[in-house]
Structure formats: C-alpha cells, structure tokens
Amino acid sequence: MTMDRRSFLTHVAASGAVIATPRLVRAASDSRVTGAPTVVLIHLFGGNDGLNTVIPYQDPQYRRLRPTIAVPDNQIRKVHGELGFHPSLAGFQSLWERERLAVVNGVGYPQPSYSHFRSTEIWHSGLPDGLPKSGWLGRVIDANPKQRPIRAIALARERPLALQSSRPGVVTLTSFEQFRIPAELEAAAKLYEKQNGAKGALGQVARAGAGALKAAKKIAALKTHRGPPYGALGNRLRQVLALLKADVDLEAIQLGYGGFDTHANQAGSHANLLAQVGSSLSTYQRVLDDLGIADRVLTIVFSEFGRRPGENRSGGTDHGSAGPMFVVGKRVRPGMHGAQPSLDDLDRGNLKYTTDFRAVYGAVAGNFMKVDPKSVSGGIKPLELIG
C-alpha cells in the first residue's frame with residue numbers, strides 16, 4: 001500500500017481505520033527501534049550513458065564508435081587498469097579512494113526494452129516479465145517482520161513502483177511541512193494521548209495511532225540539512241540527510257535526478273550532470289561518515305537503461321541496454337564488480353548485459369537488509385557487494 005502524506009495521516013488518525021488494520025497496532029510496539037538499515041535509491045532519469053561514465057579506455061573500439069564524444073584519454077580518471085571515470089566525476093574518484101564505492105558493470109536484464117516507461121517499470125519492479133504489482137524494494141520491506149508507522153518515503157509527487165508494498169507506511173513527500181497534523185485531526189491525536197495507558201484493544205489502538213502521529217510530527221519538525229551538497233540533486237540529498245539524522249527509522253528512501261536522455265549535444269550536458277552526481281554523493285557520504293551513521297545506510301544509483309555504444313549524428317547517443325550501477329556506503333566491498341560488456345560483441349548495435357540487476361537486488365536484500373533475498377533475486381546468485 002502506498003499513499004501520500006494526507007492519506008497517511010487520515011488513515012492513522014481515524015480510529016475505525018486503525019481498528020480495521022491490526023498491522024498498525026503491531027507497528028506501535030516497534031516504533032522505538034533505532035538504527036535500522038536504510039536503503040537510499042537514486043534513479044537517474046532518462047538513461048545514463050554508461051560508456052562515458054565508466055570508460056573502457058584501453059579498448060580501441062571505444063574511440064572508433066565515438067569519434068567526437070569519446071572522452072580524451074588524458075582527461076580520464078584512471079582508477080582501474082582498464083576502466084576509468086569521466087573527468088567530471090572527481091566525487092566518484094574521492095569515494096573510490098575512500099573505499100566507499102562499488103561499481104557494478106554491465107547491468108541489465110534479458111530481452112531489454114528501450115522504452116523509458118517499460119524499462120523503468122522493469123527496474124523498479126525487479127520483474128523482467130509480466131505486469132508488476134509490487135516493487136523490488138517494497139517486497140524487501142514486506143519481508144521484514146518488524147512494523148513501523150512510516151516504513152519508506154519517496155521524495156516525489158508520484159508513487160514510485162520500486163516502493164510499492166502490500167503493507168501500509170509508504171508515503172510521498174515534497175516538503176517536511178506537509179506532514180503537519182491538520183486541524184481536523186488534532187482531536188484524534190488528543191484522544192490517542194488520553195487513552196495511551198488503557199488496557200486491551202483500546203490501549204493498543206491508542207498507542208498505534210499515537211505512534212504514527214508522533215512519527216508524522218517528527219518529520220514535520222525537520223529542517224533540511226545545512227551546508228553542502230547543493231544543486232538539484234544535492235538539495236534532495238540534504239532532505240535525505242535530515243531524515244537519516246532524525247532517525248525516523250525508515251527502511252527506504254527514494255529520489256530521482258533527471259536529464260540523462262542525451263540524444264543530442266551530449267558532451268557538455270552529460271559532463272554537468274555527472275559533476276552534480278559525483279560531488280553530491282561524495283559530500284553526502286562524508287556527512288554520513290561524520291555523523292557516525294554510515295554503517296546503516298546504503299545508497300544505490302541506477303538508470304533505466306544505458307545508451308548505444310555508437311554515437312549518433314547529433315553528437316549524442318540513443319537508447320541502449322546495459323550500463324553501470326553504483327553502490328555507495330561504508331559497508332560496500334569497494335572496487336569493480338561484474339565484467340565490462342565487450343564492444344566487439346554487440347547485439348544489434350547494443351551492449352550485451354553481463355550482470356543481471358537481480359544479483360544486485362538480492363545482495364541488498366540478503367546482506368544489508370537481512371531478509372530472504374528470494375523475492376527479488378529471481379533465483380540468481382547475489383553478488384558479494386556488501387561486507
């Protein structure tokens with residue numbers, strides 16, 4: 001179940017709704033749990049060009065396929081014997097040197113879709129086939145027996161499929177102030193407080209409602225983290241930092257950053273986008289380290305598809321298939337994971353994926369969230385990404 005904040009507040013404040021939803025009653029007893037692992041999921045909207053992000057600079061085919069948009073060799077950040085980062089990714093180089101970055105190469109799925117909508121649906125659901133009814137991270141949340149009033153937050157106006165869950169507690173948020181308790185619900189809040197010590201079902205309902213409203217009030221009182229990172233992505237990450245510092249006990253936070261559909265004049269725009277991603281994530285991770293909460297936060301960066309290896313006539317690249325994922329955090333096994341797709345063995349001009357995204361999802365579920373990975377791994381062996 002996914003809902004916006006007003007629906008959430010109405011749901012938990014109406015005593016009849018709480019009585020009809022015993023899961024919220026159980027949530028009250030778990031609402032004091034602290035230090036829960038949190039996955040922060042960042043979607044780079046549009047289809048990031050993986051070949052100019054993690055560059056196979058030793059492969060001569062790279063420059064043959066991209067005569068005008070290939071990154072000059074002397075500008076590549078050569079962090080690996082065969083692969084290097086785009087020059088704008090100073091932040092990624094810093095994360096690499098601090099052992100906070102795992103790069104997963106060639107990530108994709110069978111029979112790739114080149115539609116933004118369909119491929120996003122596949123990545124968010126973790127299901128390459130069929131019509132999805134839940135998100136991969138939503139199923140991870142469902143597998144956790146602990147209940148919380150608010151389990152996950154999407155920093156968005158619309159409901160992301162990745163967080164679609166069968167349980168209550170997944171909400172959308174655009175500003176903290178939106179979680180202020182409406183005047184018409186104050187009476188219910190006072191009733192919960194009055195009956196908090198009652199025995200039996202009445203007390204359970206009161207404590208459940210009070211716990212949920214307490215969580216909402218806590219979010220409403222938050223202030224965006226002061227200081228860097230800045231910019232479009234940085235501003236979102238400062239909201240994430242505020243939520244993590246407040247220890248609202250979230251299991252997942254999702255956000256997005258757009259502009260990666262680089263069909264024309266790619267070089268300049270892509271460089272600017274990558275600079276924002278690299279610098280924002282590097283600063284954000286440093287703040288997590290300084291706060292002492294980095295061991296319970298894992299950040300995953302993905303895009304709905306990569307770009308074609310060959311440049312087009314407009315100085316850009318068209319929709320492709322496989323591309324890199326980035327996993328950031330204190331508990332990652334740093335370095336390169338998965339094989340870089342061959343530029344000599346293409347599938348109708350597109351990269352062949354070498355790592356199924358479900359191997360990443362399974363690693364996150366089993367080794368970080370500590371739940372059974374079967375609901376998201378699709379029978380594929382999880383990567384050894386998490387230490």
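Figures for the structure shown
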read-out: Nitroxide proxy distance, nm - points 7 Å out along Cα→Cβ at LEU291 and LYS374; value: 3.5 nm
read-out: Top positive-direction residue, dipole computed over the stretch 281-382 with Cβ charges, set SER342, GLY310, ALA363; value: ALA363
read-out: Cα shape, the stretch 52-91, gyration tensor, a/c 1.5 rule; value: oblate
read-out: Set LYS330/LYS381; LYS245/LYS381; LYS352/LYS381 screened for pairs whose C-alpha atoms are more than 25 Å apart; value: LYS245/LYS381
read-out: Ranked by how many other beta carbons lie within 10 Å on average, peptides 129-135, 324-330, 118-124 from highest; value: 324-330, 118-124, 129-135
read-out: Stretch gain in nm, segment ASP247-GLU97, where the contour uses 0.36 nm per residue and the Cα spacing is subtracted; value: 51.2 nm
read-out: The stretch 75-126 shape via C-alpha gyration tensor axes, a/c threshold 1.5; value: prolate
read-out: Pairwise Cα inverse-distance average, inverted: Kirkwood Rh of the stretch 253-339 (Å); value: 14.8 Å
read-out: Among 360-368, 245-253, 259-267, the order from most to least packed when residues are scored by Cβ within 10 Å on average; value: 360-368, 245-253, 259-267
read-out: Per-pair calculated FRET efficiency, R0 = 45 Å: ALA201 and THR354 via Cβ, rounded to 0.05; value: 0.25
read-out: Simple spin-label estimate for ALA271 and LYS223 in nanometres, 7 Å along Cα-Cβ; value: 3.8 nm
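None of the figures in this text is laboratory data; all of them are computed from the coordinates on show. Given the structure is predicted, the values throughout are model-derived calculations rather than measurements. Counting neighbours? That spans all protein chains shown, and the Cβs are built from the backbone with ideal geometry, glycine included.
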